[in-house]
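Here the structure comes first, spelled out in structure tokens, and everything after it is commentary.
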Amino acid sequence: MKNEFVLAFNELLEEKQLPKDIIIGALEYAMVSAYRKAENASNAQHIEAKIDLQTGRVTIYAEKEIVETVQDPRTEVSLEEARKIDPEAKIGGMIVVESTPKDFGRVAAQTARQVIQQRIREAERDAQLQYYKRQVGEIVSGMIQAINQTGLTLGLEMKAEGIMPRKEMIPGERYRVHERIRALLLEVKDTGKGPQIILSRAHRNFLRRLLENEVPEIYHGMVEIRSIAREPGQRSKVAVAALQAGVDPVGACVGMRGVRIQAIVRELNDEKIDVIEWNPDPAVYIAKALSPARVTGVYLSNRGKGTKTATVVVPEDQLSLAIGRDGQNARLAARLTSWRIDIKSLPEAAVDALNKLQKEPEYAVFGELEKDVIPQIEQILNKKAEGRPVTPEEYQLMSQFVDRVERGILRQREGYIQAEEERQLIAAANIPDEAFEIPLEDIGLPLRYTTLLNGAGYLSVGDLMLQLKLDPNKILALEGIGAKAMAAIEDALSKFSLPATEVAEEETQEEEQPIVEEAAVEQVGEFERETEVVEEVEEAPLSEITKEERLPSQENVIETEEVLEETPSAEMALVDEKEAQAAQQETQEEAEETSLDDLFKWSPDQIEIDLSLVAEDEDEETEADKKKKKKKKKYVEYEYDPDQAATIAKKKRKRSGEEWDDEWNL
């Protein structure tokens, strides 16, 4: 049979709905506090309490110093007693021994009771806080406990209390004490008195959660709620879209004969709900958002940053329905679509279109195109002003006229915007990318000018340079920027230069490249001249070559164009980008060491080998390489000049008749 302690412990667990470990911890902490109170123990002394759940017996353990003679039993223990617990105990050491008092006394028991209640209350509040923090954004149910001027007080689960302020209540809804209602858990705050739970029935997410609970297609992800606009107690608009083919999003939300939506309407105190289908086209989406009004045309204008305006034209009899009572329908449609909506009747839109064609230069082109239709529109408007009836054909003509003018100007504006974007891209292409990473503070402008430019959105040097190229007057129009400031800005930009790290490397490469190229060109030129002679050799046998046309030494070797590609200067064009710089340096060194004497170290037998290589590689040459071979034949003669102690290449070119023109290349 269970003893009284076990029964009381289980009853406490069931009442407080707290974990077992928390209750045991509170009891042990209370016993330690009671011991300190009864024995007047120091807070620095380590004390533990253990509770046996089967018998309810409490055991206290205290840390004490090992001494020879005990003077204060609260903090000291004899060596003999200590060695009963630890045989290796020594004098001066510390040991934890049992110190359970025989009787705590009335004061200690009262202290334990207060500590237990306090710890359990804190644990209860912490459990409530953690539980309701996980429920934020969900619907909770509670019973009204009190109604006052500030709002409602609801009793929730885990003996928690929720507050519903007046602004979060549905206007016109009546509440009664002990009535159970549902609300959205809006926020949870941790205060000294416990968690403060804020509830709401006016928030738009309350409608979202109601739809998820009532419509299985939304709960399972087949239908998605894209946007909600709500005025609590009066009207709401919900835009839904199907995520699965073959599902009607509006029909799923409304239900058979409106059963699903009617349940939500009753929960919201007969609040009207319009369910529309979301559309990726803003014009179609806006037209549906203004339902139940019928829309003739929607014309979108996105001029400037963040201003999106939609001009909506409706028939004259639909104007009041599109606007709604006190502008409610138009206001909700604007919130739903995130567009500023300007609603006009068809005659009003026609009058505006005529005025724009006659007065605004932007519409002058369309005025010429519509010059035959304008008199008819004016005649229809005069009939309307006089109160005479207007036929449906005339209304249709007027609608087509407004549609052509509005769409034409929109296309023209889109062209202007596209041209402006292209102009900005062209201007930005001439500005280094590094300039957009350098802040304005680095160019030496006064702090006052830098602050004004940063406030206007010019944060980097590149932004400022781009705007000066596009339109300097826009910077001059800023408040606090005058002619003196503009002069200071232009002067600072003219003196500023980008960091010399990358720029210096590029300039160095550009300076080194012509030197290498000149050496390569000279070497390539010599090989080209030799290649031309080889082409002549291919046309005639070696035996038919005259002595005058042969080289001064029979040991000279003539390299073909294919062999030329294997030289260091030709290989330089095929080296990877990562090895370009190293290859250029090697080419330069080899070009300096190469001389004409090195070209004449091969034997005549190698000429035949080179010609055979040319014959084998002719099939592999591309058409571009074959075109390069079709050049005018040149004749080169090499002679040794004793005065200059160097070999001279003499190039002969036949002009007219048998006259030869000599060109000397040293």
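Once you have the Kirkwood Rh of segment 4-127 from its Cα pairs, apply Stokes-Einstein at 25 °C and 0.890 mPa s and quote D in µm²/s.
The calculation lands on 154 µm²/s.
Going through segment 146-247, which trypsin sites (Lys or Arg not before Pro) have at most 12 other Cβ atoms within 10 Å and a DSSP loop state?
In loop regions of segment 146-247 (DSSP not H, G, I, E or B), the sparsely surrounded trypsin sites (Lys or Arg not before Pro) are 174, 176, 193.
Hey, got the dipole for segment 357-487? About the Cα centre, +1 on K and R Cβ, -1 on D and E Cβ, debye to the nearest 20? Walk me through the numbers on the way to the answer.
On the way: 14 positive and 23 negative charges, 98 e Å.
Here segment 357-487 has a charge dipole of around 480 debye.
Counting other C-beta atoms within 10 Å, which of 339, 278 has the fewest, and how do the rest follow? List each step's numbers first, then the result.
Details: 339 23, 278 20.
Exposure proxy ranking, most exposed first: 278, 339.
Given all pairs of different Cα atoms, what value in angstroms does the Kirkwood hydrodynamic radius of segment 135-202 take? Present the calculation step by step, with values, prior to reporting the outcome.
Numbers: mean 1/r = 0.0837 Å⁻¹.
Every distinct Cα pair counted, the radius reaches 11.9 Å.
Counting Lys and Arg as +1 and Asp and Glu as -1, each charge on the Cβ, what is the dipole of segment 430-498 about the Cα centre in debye, to the nearest 20? Kindly include the intermediate steps, with their values, before the conclusion.
Numbers: 5 positive and 10 negative charges, 61 e Å.
The dipole of segment 430-498 has a size of about 300 debye.
When only DSSP loop residues count, what GluC sites (Glu not before Pro) in segment 31-75 have their Cβ near at most 15 other Cβ atoms within 10 Å? Walk me through the numbers on the way to the answer.
On the way: sites: 39, 48, 63, 65, 68; in loops: 68.
Hits after loop and neighbour filter: 68.
Give me the mean projected area, in nm² to one decimal, of the convex hull enclosing the Cα positions of segment 133-265. Could the numbers behind the result be given before it?
Details: hull surface 36.6 nm².
Seen from a random direction, the Cα hull of segment 133-265 projects 9.2 nm² on average.
Answer with one residue from 410, 487, 462: the one whose Cα lies farthest towards the positive end of the charge dipole of segment 407-497, charges on Cβ with Lys, Arg +1 and Asp, Glu -1.
Comparing the listed Cα positions along the dipole, 410 ranks first.
Which Rg and Dmax, in Å, describe the Cα atoms of segment 248-378?
Here Rg and the maximum Cα pair distance are 18.5, 59 Å.
What is the total of Lys pairs in segment 4-127 with C-alpha atoms under 18 Å apart, excluding same-chain pairs fewer than 8 positions apart? Working shown, then result.
Working: 20/50; 37/50; 37/64; 37/102; 50/64; 50/102; 64/84; 64/90.
Within segment 4-127, the lysine pair count is 8.
Say the cut-off is 29 Å between C-alpha atoms; which of 288/371; 189/308; 356/384; 237/308 go over it?
Numbers: 288/371 34 Å; 189/308 38 Å; 356/384 20 Å; 237/308 20 Å.
Correct reply: 288/371; 189/308.
Throughout, read-outs are computed from the coordinates displayed, never taken from laboratory work. Fair warning: this is a prediction, and the values are worked out from it, not measured in the lab. When we count neighbours, we look across all protein chains shown, and the Cβ atoms used for this are built from the backbone with ideal geometry, even at glycine.
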